[in-house]
Amino acid sequence: MIPLMHAIEMRSVTKRFGALLANDNVNFDLAPGEIHALLGENGAGKTTLMRILYGLYRADSGEIVVGGQPAHIASPKDAIGLGIGMVTQHFTLVPTLTVTENVSLGQAGGLAFDPKAARQKVADSAARFGIEINPDALVRHLSVGERQRVEIFKALYRNARVLILDEPTAVLVPQEVDVLFETLRRLQSEGLSVIFISHKLNEVMAVCQRITVLRGGRAAGTVNKSATTQKELARMMVGRETFGVTKEGARAQGEPLLRVDGLLVLDKKGWPALKGLSFDVRAGEVLGIAGVSGNGQTELTQALAGTLKPKAGNLRVGGRNLTHASPSQLAAAGVGRIPEDRHEGVVGELTVAENLALENLQDFTANGMLDHRRIRENAEKLIAEYQIKAAPTTRIRALSGGNMQKAILARALSRKPQVVIAAQPTRGLDVGATDYVRGKLLEQRDRGAAVLLISEDLDEILALSDRIAVIYEGRIVGILRAGEADAELLGLLMSGAKEMADGIKD
Amino acid sequence: MGLKIERVPAPVWVRPLIPIIAVVVTFILTAVLVVWAGANPLEAYYHFLIAPLSSRMSVLEILVKATPLLLTGAAVTFAFSSGYWNIGAEGQLYAGAVAAAWLGTLLGGLPSFAAIPLMIVGGFAAGMLWALTPALLRVKLSVDEVVTTLLLNTVVLFVISFLLNGPWRDPVSGWPQSPQIAESTVFFKLIPRSRVHVGLIVAAITLIVVWFIMSRAALGLRMRAAGLGQNAARFAGVNVERTMLAAALISGGIAGIAGVGEVAGIHFHLIEGISPGYGYTGIIIATLSGLDPLGVALAALFIGLIDTGAQTVSRALGVPAYLGDVVQAALLLTTLGMFVLQNYRVTLVRGEKRA
């Protein structure tokens, strides 16, 4: 084993995915015994950089030095051999096995497995690291926080001296976060180094010594915690030149068409994902919901699409209470919906024409029978109007992302909805399709619809919105006019370091 | 050297060939067993596939065998296309058979043209009723229908065992069989000197109705949407639960008609072994058909042929008739394998190892 040489240096690391430059000449170093934060927006390249370090990706260029020696890391096995362990958000534990079995799984020893010895070894090792786990507990009986502890312990058990934690707090409740931080501090005192990926400023300030900020795939700088402030970090994280652009032609905005009041929604695990969320969208405006992913955007989209039922709160469209409306009732009431994942919006194996008719099937049906001619004519009309490159009889899964999105737009917008809910409308689209989709959304605003834009792409929010609402941990923590938004304020709001007291007004 | 597996769908023209390729592969695989049983595979397959088509009697017997299979195949296809995995066609068939045995003794006073439709309606209702509980559990509580429908198949057998050994035991012979159904409720013969009965027409009409609903009715589009993309269907406003419930109940009803046909057309009373697994074979047929009603017709006739052929083979060559079951099961597995494999391209890579 290498004698306690565990500092890491990554030099000029570059990684491309097709046309996307995920890491651009990134330099990063880790001192022994420090907790080092990697901070940045979604898509800033944090996870990519760490996946390279852990051998899950191969860098296109650049080098990695571990403990003073140039390292060639081609797989996680190599990384583990060099004392590097990674804990991702998606745990790799077998729920039906015990903690001991999970930790011992994949360890050398061939077919022979001595449960007693393994249990003893695990218990001893956990005691040595001061990690509280019950070796005999079945993983499926453990809470998320405990499972994470098992994951961390698993890495330590494999002699990791450097721990990479990818957004470890995203899955935890606040009390569990405190326990995690305690664990990390204890490990630090044992001489371990930790890389802590996050976009929450308060957590970064609470537990780290140094912070490296990534922005758009580049290192925006490394600072010492003692020499920085949350404001500076926010600026470094979000800084860009698109701020304060006044939209041409300040329009007179009308009445609120979409009113969301005190929305409480539970996620799949039963945790509150939206905690009394409120906002209005007026006729003729685009309200952008900005935020780091996983702060309730998915649940908000689903609640407004009618596919997730709120536990409390109100949803009104043009004065009508539609809180518990079904998707078809919402569509009929004039809500055009663009889903977060376009593959969840269309049935891939059905044809373009069938998908275009599905949402308003009653219009294409007589006495329970489909009117195939009207379905085809509707499709031909929308294909021409929205420039969809497809025939009515094409299976929609064969369409490119852009054309599929155009089909979804066509279906949602063809009936001139008074409210448009667009979630991640340009995710994964090329430049041409992106421009097209954004143009269509602005067209809706200009004809007087209330447009809600939920996007994790801050540039998109800044380019389209009249007002920007920031979502953080299931609540709107501030609403500002697009012209007032600046990097520092948005960064602070998005990373939970600030809340506007008068945030809910406009 | 290694295998490279890419996700590349096979060209469209390959799809109709899949069942044919599956049949060929199945025969190659089962040839081993045929040889083991002491027969010549080519001769065996001649008796399996060709011989039954060469005599009037066995051709008509294929139609008799295909009659319940057309219905169970249609029933399973209907449910599966909505994403409801009804494994309970066997039980629903028996429920229909119970209804037929009961109505058959009750409706004796009516003329045939009234009694026979009532028998069919009664069998449909009984199949629906038997399908109701698992369907409700599925849509209300997300209880896995594969398990519940399958388990209810066994339950219905015990219900029948109770009826036949208790209240319905034949008072004349004392055998565990229900009293003979009335003459006017018997499905009349379509072809003299054969067992082909009017149930074949009923099955054909049912299949046409199933085709019509699946391709022409709004319910059919909703069912296909729910079956092919549940979340997307729900997003687009399809009431997935209600659609599934409708599909499950209609499916159960169709399977129930198959039971009516076996009681009123073949046995004329209820006995325990009225179905040698027609409901399960319906799953094979639905799968072979690719959930297409026309394919159901072809697959049902084909399985009817193999079933009849199995008898011929065993008589002619002295191999066990169970070989027919083995061929059927192997055919299902190869077809499923083909459906999966058609989405991939497997190539042999030489030299340089994969990146």
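Figures for the structure shown
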{"read-out": "Whichever residue in the stretch A:351-366 is more than 7 Å from chain B (Cβ to nearest Cβ), in contact (Cβ under 8 Å) with a residue 40 or more places away in the chain and not hydrophobic (A, V, I, L, M, F, W, C) and, among such residues, is farthest from B:Ala236 (Cα to Cα)", "value": "A:Thr351"}
{"read-out": "From the options B:Leu152, B:Leu136, B:Leu163, B:Leu107, residue that is farther than 22 Å from B:Ile285 by Cα, open to solvent by 30 Å² or more (accessible area, probe 1.4 Å) and not small (Gly, Ala, Ser)", "value": "B:Leu136"}
{"read-out": "Total residues in the stretch A:335-350, condition at the interface with chain B (Cβ under 8 Å from one of its Cβ atoms) and not β-branched (Val, Ile, Thr)", "value": "8"}
{"read-out": "Residue selected from the stretch A:216-227 under the condition outside any strand (DSSP E or B) and open to solvent by 40 Å² or more (accessible area, probe 1.4 Å), by the criterion modelled with the lowest pLDDT", "value": "A:Gly216"}
{"read-out": "Qualifying positions in the stretch B:161-179 - assigned to a loop (DSSP other than H, G, I, E, B) and among the small types (Gly, Ala, Ser)", "value": "B:Gly166, B:Ser173, B:Gly174, B:Ser178"}
{"read-out": "Residue match in the stretch B:232-249 (condition: within 14 Å of another protein chain (Cβ to nearest Cβ), open to solvent by less than 40 Å² (accessible area, probe 1.4 Å) and within 29 Å of B:Ile274 (Cα to Cα))", "value": "yes"}
{"read-out": "Set A:Ala379, A:Ala384, A:Ala391, A:Ala332: member being out of contact with any His (no Cβ under 9 Å at 6 or more places or on another chain), small (Gly, Ala, Ser) and at the interface with chain B (Cβ under 9 Å from one of its Cβ atoms)", "value": "A:Ala332"}
{"read-out": "Any hit, the stretch A:108-127, residues being closer than 25 Å to A:Leu20 by Cβ and crowded, with 21+ Cβ neighbours inside 10 Å", "value": "no"}
{"read-out": "Enumerated helices (runs of 4 or more DSSP H) restricted to the stretch A:426-506, each holding at least 1 residues that are of a type in the set (Lys, Arg), in contact (Cβ under 8 Å) with a residue 12 or more places away in the chain and in contact with a helix residue (DSSP H, G or I) (Cβ under 9 Å, 6 or more places away or on another chain)", "value": "A:431-446"}
{"read-out": "Count - residues of the stretch B:187-223 that are in a helix (DSSP H, G or I) and within 14 Å of chain A (Cβ to nearest Cβ)", "value": "13"}
{"read-out": "Among the candidates A:Thr48, A:Thr96, residue that is open to solvent by 80 Å² or more (accessible area, probe 1.4 Å) and modelled with pLDDT of 90 or more", "value": "A:Thr96"}
{"read-out": "Evaluation of B:Leu228 against (1) in contact with a helix residue (DSSP H, G or I) (Cβ under 8 Å, 6 or more places away or on another chain); (2) touching a residue at least 12 places away in the same chain (Cβ under 8 Å); (3) open to solvent by 10 Å² or more (accessible area, probe 1.4 Å); (4) within 14 Å of chain A (Cβ to nearest Cβ) (one fails), failing number", "value": "(1)"}
{"read-out": "Whichever residue in the stretch B:45-72 is open to solvent by 40 Å² or more (accessible area, probe 1.4 Å) and among the β-branched types (Val, Ile, Thr) and, among such residues, is nearest to B:Ala255 (Cα to Cα)", "value": "B:Val59"}
{"read-out": "Selected residue (only one of A:Glu167, A:Glu146, A:Glu190 is within 19 Å of A:Met86 (Cα to Cα) and in contact with a Ser or Thr (Cβ under 9 Å, 6 or more places away or on another chain))", "value": "A:Glu167"}
{"read-out": "Residue among B:Ile271, B:Ile266 that alone is surrounded by fewer than 19 Cβ atoms within 10 Å (Cβ to Cβ), in contact with a strand residue (DSSP E or B) (Cβ under 9 Å, 6 or more places away or on another chain) and more than 14 Å from chain A (Cβ to nearest Cβ)", "value": "B:Ile266"}
{"read-out": "Qualifying residue in the stretch A:54-61 (condition: polar (S, T, N, Q), assigned by TED's automatic domain parsing to the domain that holds A:Ala206, farther than 19 Å from A:Glu203 by Cβ and surrounded by fewer than 15 Cβ atoms within 10 Å (Cβ to Cβ))", "value": "yes"}
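The values are calculated or read from the model by the stated rules, or taken from the named source; none is laboratory data. Computed from a predicted structure; not experimentally measured. Every residue, glycine among them, receives a Cβ derived from its backbone with ideal geometry; neighbour counts consider all protein chains shown. Please note that ligands, DNA and RNA were not included when accessible areas were found on the heavy atoms of the full protein model with its side chains. Shrake-Rupley method; radii C 1.70, N 1.55, O 1.52, S 1.80 Å.
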